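A.B. asks: Before I ask anything, let me first share the structure, which is written out below as structure tokens.
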Amino acid sequence: MMARWRGGQGNWWAAFVRLAPTLWLAAFFLLPFLIIVKISLSQTAIAQPPYTPTFDLAAGLAGLRAFLAALSLESYRILGSDFLYLASYLKSLQVAAVSSVILLIIGYPIAYGMARLHPRWQPIALVLVILPFWTSFLIRIYAWINILQREGLFNTALAALGLVDTPVAWLSSDTAVYIGIVYSYLPFMVLPLYATLEKTDATLLEAAADLGCPRWRAFWLVTVPLSAPGVAAGVLLCFIPIFGEFVIPDLLGDSRSVMIGQTLWTEFFANKDWPAASAVAVVLVGILLLPIVLHQRAQARADKD
Amino acid sequence: MRRGFAPWADAGARALLRLQGVSKRYGDIVAVDALDLDIFEGEFFALLGPSGCGKTTLLRLLAGFETPAQGSILLAGEDIAAVPPYRRPVNMMFQTYALFPHLSVAGNIAFGLRQERLGRAAIEARVAEMLALVQLEGLGARKPHQLSGGQRQRVALARALAKRPRVLLLDEPLAALDKKLRAQTQFELVNLQARLGTTFVIVTHDQEEAMTMAHRIGVMDRGRLMQVAEPSELYEQPNSRWVAGFIGEVNLIEGRVAALEPGIAVVAALGGHFRVGATAGVGPGDSVCIAVRPEKVRVANAPAAAPTDNCLAGSVVDIGYLGGMSSYQVRVADGFLVRAAIANATRRTTPPIGWDTQVCLTFAPQDAVLLTR
Ligand SMILES: Nc1ncnc2c1ncn2[C@@H]1O[C@H](COP(=O)(O)OP(=O)(O)O)[C@@H](O)[C@H]1O
Ligand SMILES: [Mg+2]
């Protein structure tokens with residue numbers, strides 16, 4: 001009897017551990033998301049909260065029917081009709097895509113170099129990559145404002161080198177945004193790349209050399225294909241948050257060409273249009289699910305063969 | 001094994017691979033120590049030695065993954081010590097196989113051919129040929145992780161042979177296989193080598209494997225080649241105590257040369273005299289070692305009435321029944337233990353000679369080897 005009881009308890013615990021991620025997602029992603037979906041189907045109102053309808057439990061079934069009847073797709077219609085939104089989405093797509101490519105180009109050599117370091121130095125290199133996280137993200141972005149401003153470090157250096165005569169206006173430009181984003185997200189690209197490259201079996205490179213492949217070609221034929229999972233992880237880890245990035249473009253970017261995160265912020269806090277803001281967020285989540293689903297599919301395929 | 005194939009015995013023959021004074025160090029460790037070795041075209045050569053003796057390092061020097069600190073490595077007369085691995089006409093089969101996990105079986109076999117910029121049709125034809133050679137037809141599209149250990153081993157072999165190397169290097173190629181598969185694969189490798197005529201250099205720590213497969217064996221210890229010889233010579237004519245002890249079982253009886261007769265040395269050891277075929281260069285008074293294999297020791301039941309030469313009197317302390325053989329341990333003078341093996345030529349359930357029996361062990365002068373090293 002005792003053994004059975006204990007077995008039952010064990011099963012409970014196992015079930016909980018198996019379900020924990022799902023429960024977590026349900027409580028902290030799915031539920032808030034459903035609330036956002038609901039708000040996106042409402043209309044703005046000068047009230048507290050600033051939208052209607054609100055669901056009144058006391059009104060019972062009739063109340064529920066009235067509530068459902070009051071929901072509408074008006075916010076989504078606005079989203080489709082005003083070019084501002086589409087422009088913001090495209091801007092986000094452009095920034096996320098270009099930044100991811102730049103991050104990959106810069107991050108890959110760094111990760112590759114780290115993976116080839118003597119094992120004694122690798123933990124130190126790893127700490128150096130994570131070191132920026134010791135300082136607040138916001139402070140580091142403000143530091144970039146300082147560096148990039150008209151009389152800042154960057155222009156001073158360029159002038160000292162004789163590369164420019166008059167200071168360049170770096171701030172409030174796409175360049176500044178890219179600098180800020182690439183700087184901030186580099187560790188998220190380097191770490192997954194390093195994790196895969198570090199595991200590369202050196203014997204495979206010897207086998208390639210043995211079969212007549214010089215080192216540089218072995219890099220392209222063996223190292224790069226084998227690091228594909230790291231590339232996918234790094235790109236995904238950067239692309240998704242960059243797409244919704246708000247702080248960096250807001251502080252460093254041009255206010256005339258905004259990313260979707262900024263549009264969302266404006267709807268919420270400046271226009272107090274919660275339904276529109278929620279609709280923007282719902283569409284954003286929909287867009288970002290796409291690369292994740294593609295990645296999962298690719299992975300399932302890779303696992304199968 | 002090909003009959004009459006012995007280019008090493010021919011003074012006029014030129015070696016395909018010639019190592020001269022080759023050394024390799026890792027810090028303080030001398031992995032390969034001033035090593036000289038000739039390997040001939042078409043030979044199946046085995047490097048045999050205990051773990052850590054430098055076999056893999058020697059193979060890696062031949063493949064080009066390591067460069068020697070001293071010495072030269074000549075392939076068909078040309079020094080290749082400084083030639084990078086990707087330009088050597090030599091291929092290696094790795095101990096871990098090192099198959100590319102992202103490529104199919106066919107992709108793995110074609111990898112080396114692609115580096116030669118062969119045409120597509122030529123590559124496909126060669127891949128098909130190699131798949132047939134290792135009996136993996138129809139598995140070309142599989143990925144390495146979808147294969148069994150034995151199949152992976154064949155892919156590695158096919159990949160290494162696809163480029164028609166002058167020399168194929170095999171680092172413990174059978175170590176990862178189970179016993180039954182290993183025996184079968186040994187046989188197949190020997191057949192394959194005989195059919196292709198490619199020079200094989202195989203590394204192993206398994207002496208039985210080396211004995212059954214190779215034309216000649218180089219026995220290594222601590223970076224040095226102790227003896228290079230055909231399997232039978234290695235067993236019957238070891239050149240040192242170390243080699244005699246490393247290959248098979250042996251009784252090593254230390255003594256001193258008492259007298260020399262024509263072709264025979266009389267050795268004083270264990271309180272008696274032993275007549276052994278003399279080795280060139282031994283003189284009276286030299287301290288020597290008599291090496292005699294257990295199966296060459298005869299066990300006589302009754303102790304000899306009067307001690308004669310080549311007789312070790314003692315009592316049986318242990319008997320091991322091994323099926324085809326029985327192994328006897330006999331304690332002789334000074335508490336020295338001598339091992340004798342007797343073929344069980346007839347069916348018997350009790351040993352012909354029992355425990356604690358007083359016996360006399362003898363051996364013929366030509367059945368023992370006199371060692372000075
Ligand atoms: N890359 C290396 N760095 C340092 N020492 C090594 C290296 N490779 C081999 N050795 C040492 O050289 C010796 C010979 O090694 P190895 O050739 O692998 O022996 P085997 O293959 O006969 O077991 C060993 O003592 C080993 O520890
Ligand atoms: Mg080894």
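The values are calculated or read from the model by the stated rules, or taken from the named source; none is laboratory data. Fair warning: this is a prediction, and the values are worked out from it, not measured in the lab. Ideal geometry is used to build each Cβ from the backbone, glycine not excepted, and the neighbour counts take in all protein chains shown. Just so you know, the surface numbers come from the protein's heavy atoms only, side chains and all, with ligands and any DNA or RNA stripped out. Shrake-Rupley method; radii C 1.70, N 1.55, O 1.52, S 1.80 Å.
A.B. asks: Highest first, please rank the peptides A:119-125, B:32-38 by the mean number of other Cβ atoms sitting within 10 Å of their residues.
C.D. replies: Averaged packing, sorted descending, gives the order B:32-38, A:119-125.
A.B. asks: May I ask you to order B:263-273, A:283-293, A:22-32 by the average number of other C-beta atoms within 10 Å around their residues, highest value first?
C.D. replies: Put in order of decreasing packing, that is B:263-273, A:283-293, A:22-32.
A.B. asks: Now a separate question. Ordering B:His205, A:His295 by how much accessible area each has at a 1.4 Å probe, largest first, what is the list?
C.D. replies: The residues order as B:His205, A:His295, largest area first.
A.B. asks: Per residue, what accessible area does the range B:249-371 have, given a 1.4 Å probe and all protein chains present, in Å²?
C.D. replies: 50
A.B. asks: How compact is the range A:186-249 by the rule of thumb for globular proteins, expressed as Cα Rg over 2.2 N^0.38 Å?
C.D. replies: Ratio of Cα Rg to 2.2 N^0.38 Å: 1.44.
A.B. asks: How shielded is A:201-207 by partner chains, expressed as the average number of their Cβ atoms within 10 Å of its Cβ atoms?
C.D. replies: 6
A.B. asks: Let me ask something additional. How big is the dipole moment of chain B about its Cα centre under a simple scheme where the beta carbon of each Lys and Arg is +1, that of each Asp and Glu is -1, and everything else is neutral? Debye, nearest 20, please.
C.D. replies: Around 1340 debye, computed over chain B.
A.B. asks: Next question. With an 8 Å cut-off on Cα pairs and a minimum separation of 6 or more residues, tell me the relative contact order of chain B in percent.
C.D. replies: 15
A.B. asks: Measuring with a 1.4 Å probe in the full set of protein chains, what accessible area per residue, in whole Å², belongs to chain A?
C.D. replies: Result: 59 Å² of accessible area for each residue.
A.B. asks: So what is log10(I(q)/I(0)) for the range A:213-261 at q = 0.27, 0.31, 0.32 1/Å, when the Debye sum runs over its Cα atoms only?
C.D. replies: -0.94, -1.04, -1.06
A.B. asks: In 10 Å bins starting at 0, how do the alpha-carbon pair distances of the protein assembly as shown split up by percent?
C.D. replies: 3, 10, 14, 15, 13, 13, 11, 8, 5, 5, 3, 1, 0
A.B. asks: Given the whole protein assembly as supplied and a 1.4 Å probe, what does the accessible area of B:Thr349 come to in Å², nearest 10?
C.D. replies: Surface accessible to solvent at B:Thr349 totals approximately 140 Å².
A.B. asks: Still on this structure, I have one more. Over the range A:238-277, consider all pairs of different Cα atoms and compute the Kirkwood hydrodynamic radius from their mean reciprocal separation; express it in Å, one decimal.
C.D. replies: Hydrodynamic radius (Kirkwood, Cα only) of the range A:238-277 equals 10.5 Å.
A.B. asks: Now for a separate question. Across the range B:182-259, how large is the tail of the calculated P(r) beyond 22 Å, expressed as a percent of all Cα pairs?
C.D. replies: When all Cα pairs of the range B:182-259 are counted, 33 percent exceed 22 Å.
A.B. asks: Here is a further query. Structure shown: which of B:Lys24/B:Lys143; A:Lys199/B:Lys179; A:Lys38/A:Lys272; B:Lys24/B:Lys180; B:Lys143/B:Lys163 lie over 25 Å apart, alpha-carbon to alpha-carbon?
C.D. replies: From the list (B:Lys24/B:Lys143; A:Lys199/B:Lys179; A:Lys38/A:Lys272; B:Lys24/B:Lys180; B:Lys143/B:Lys163), the Cα-Cα distance tops 25 Å for B:Lys24/B:Lys143; A:Lys199/B:Lys179; B:Lys24/B:Lys180.
A.B. asks: Within 10 Å of each Cβ in A:218-225, how many Cβ atoms from other chains are there, averaged over the peptide?
C.D. replies: For this peptide, the per-residue mean of nearby foreign Cβ atoms is 2.
A.B. asks: First obtain the Kirkwood hydrodynamic radius of the range A:73-304 from its Cα pairs, then insert it into the Stokes-Einstein equation at 25 °C and 0.890 mPa s, and state the resulting D in µm² per second as a whole number.
C.D. replies: In µm²/s, the coefficient rounds to 122.
A.B. asks: Continuing with the same structure: Taking 0.36 nm per intervening residue step and subtracting the Cα-Cα distance, what contour gain separates B:Ile29 from B:Glu236 on full extension?
C.D. replies: 71.3 nm
A.B. asks: Let me know the charge dipole size of the range A:48-183 about its Cα centre in debye, to the nearest 20, where only the beta-carbon of Lys, Arg (+1) and Asp, Glu (-1) is charged.
C.D. replies: 440
A.B. asks: Work out the length of the dipole vector of the protein assembly as shown about its Cα centre, built from +1 on the beta-carbon of each Lys and Arg and -1 on the beta-carbon of each Asp and Glu, and round it to the nearest 20 debye.
C.D. replies: My answer is approximately 1100 debye.
A.B. asks: Above 23 Å lies some portion of the pair distances; for the range B:210-346, what is it as a whole percent of all C-alpha pairs?
C.D. replies: 43
A.B. asks: Still on this structure: Please report, as a whole percent, how much of the solvent-accessible surface of the range A:73-304 comes from carbon and sulfur atoms (probe radius 1.4 Å).
C.D. replies: 70
A.B. asks: Oh, and also: Given the rule -39500 (n - 2.57) for each run of at least 4 DSSP H residues, summed and divided by the residues of chain A, what is its mean residue ellipticity at 222 nm, to the nearest 500 deg cm²/dmol?
C.D. replies: Dividing the helical sum by the residues of chain A leaves -22500 deg cm²/dmol.
A.B. asks: Okay, next question. Go ahead and estimate [θ] at 222 nm for chain B from helices alone: -39,500 (n - 2.57) per DSSP H run with n ≥ 4, summed, over the residue count, rounded to 500.
C.D. replies: Taken over chain B, the calculation gives -6500 deg cm²/dmol.
A.B. asks: Follow-up question, since we're still on this one. Please work out the ratio of the alpha-carbon Rg of the range B:73-227 to 2.2 N^0.38 Å and round it to two decimals.
C.D. replies: Relative to the 2.2 N^0.38 Å estimate, the range B:73-227 comes out at 1.07.
A.B. asks: At the nearest 100 Å², what buried accessible area, both sides summed, do you get for B and A when the probe is 1.4 Å?
C.D. replies: 1800
A.B. asks: Could you give the C-alpha radius of gyration of the range A:23-148 expressed as a fraction of 2.2 N^0.38 Å, taking N as the number of residues it contains?
C.D. replies: The value comes to 1.74.
A.B. asks: Sticking with this structure for a sec: What ranking of A:Ile130, A:Ile260 comes out by heavy-atom accessible area, probe 1.4 Å, highest first?
C.D. replies: The residues order as A:Ile130, A:Ile260, largest area first.
A.B. asks: Sticking with this one: Report the one residue of B:Leu371, A:Ala14, A:Gly152 whose Cα lies farthest in the direction of the positive end of the charge dipole of the protein assembly as shown (charges on C-beta: Lys and Arg +1, Asp and Glu -1; origin at the Cα centre).
C.D. replies: Most positive-ward Cα: A:Ala14.
A.B. asks: Using the charge dipole of the protein assembly as shown (Lys, Arg: +1 at Cβ; Asp, Glu: -1 at Cβ; taken about the Cα centre), state which of A:Val127, A:Met259, A:Phe83 has its Cα farthest towards the positive end.
C.D. replies: The one lying farthest along the dipole's positive direction is A:Phe83.
A.B. asks: Projected onto the charge dipole of chain B (+1 at Lys/Arg Cβ, -1 at Asp/Glu Cβ, origin at the Cα centre), which of B:Leu270, B:Ser240, B:Thr204 gives the Cα projection farthest towards the positive end?
C.D. replies: Highest projection toward the positive end goes to B:Thr204.
A.B. asks: Per q in 0.07, 0.09, 0.10 1/Å, what log10 I(q)/I(0) does a Debye calculation on the alpha-carbon atoms of chain B return?
C.D. replies: -0.42, -0.65, -0.76
A.B. asks: Grab the alpha carbons of the range A:209-292, take their convex hull, and tell me the volume per residue in Å³.
C.D. replies: 116
A.B. asks: Please calculate how many Å² of accessible area the range B:7-241 carries per residue, with a 1.4 Å probe and no DNA, RNA or ligand atoms counted.
C.D. replies: Roughly 43 Å² per residue, with all protein chains present.
A.B. asks: Averaged across B:77-89, how many Cβ atoms of other chains sit within 10 Å of each residue's Cβ atom?
C.D. replies: 2
A.B. asks: Express in % the proportion of alpha carbon pairs of the range A:261-304 at distances exceeding 16 Å.
C.D. replies: Result for the distance tail: 51 percent.
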